[in-house]
1. For a quick protection proxy, order the peptides 19-31, 67-79 by their average other-Cβ count within 10 Å, most packed first.
2. Work out how much length ARG51 to LEU89 would gain on full extension: take 0.36 nm times their residue separation and subtract the Cα-Cα distance, in nm to one decimal.
3. 7 Å from Cα along Cα→Cβ at both GLN21 and SER69: what's the point-to-point distance in nm?
Amino acid sequence: MTARDYHGLRTQAGVAPVTRQSGKRLLVGMRYACNPRLRNALYYWGFISVRYDAHSRQHYRRLRGHGHSHGRALRGVADCLLTLLLAMLAQQTMYDPARRRAAPRLTTGASSSKVISSCVVRVTRQELFELNVGARPA
């Protein structure tokens, strides 16, 4: 958590899917090799967020509309919340629901929007570099 490694954290939490590929066959499934306590905490965080947060509820309904199961949709919501958590830690701010946007949009300029799992968090280029999510700023 101190390294702010988004991909490593989502792997440890079991939110990142596992892709098994052999020749023409491609299977994407749930990750079982992870920290079960962290996976359980993120599952319930997503579950409660879907009940009480409008943005999370909308994201959950969109995933369910695409045919995802209940558990897969909750992992998608938890992945979005994990992105939000790391952005809040990087900026050292508290949660503000007014800063969240429902529709993902990419912008250009000094600051950009990073889209991860249909979740948008507004961060600067330097913060993207510090989070190990984006490229080195020019």
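1. Descending packing order for the listed peptides: 67-79, 19-31.
2. Contour length minus Cα-Cα distance gives 11.3 nm.
3. With each label placed 7 Å out from Cα toward Cβ, I get 2.3 nm.
Read the figures in this text as sums done on the coordinates, not as results from a lab. Bear in mind the structure is a predicted one, so any value in this text is a computation, not a measurement. Cβ atoms come from the backbone with ideal geometry, glycine included; neighbour counts cover every protein chain shown.
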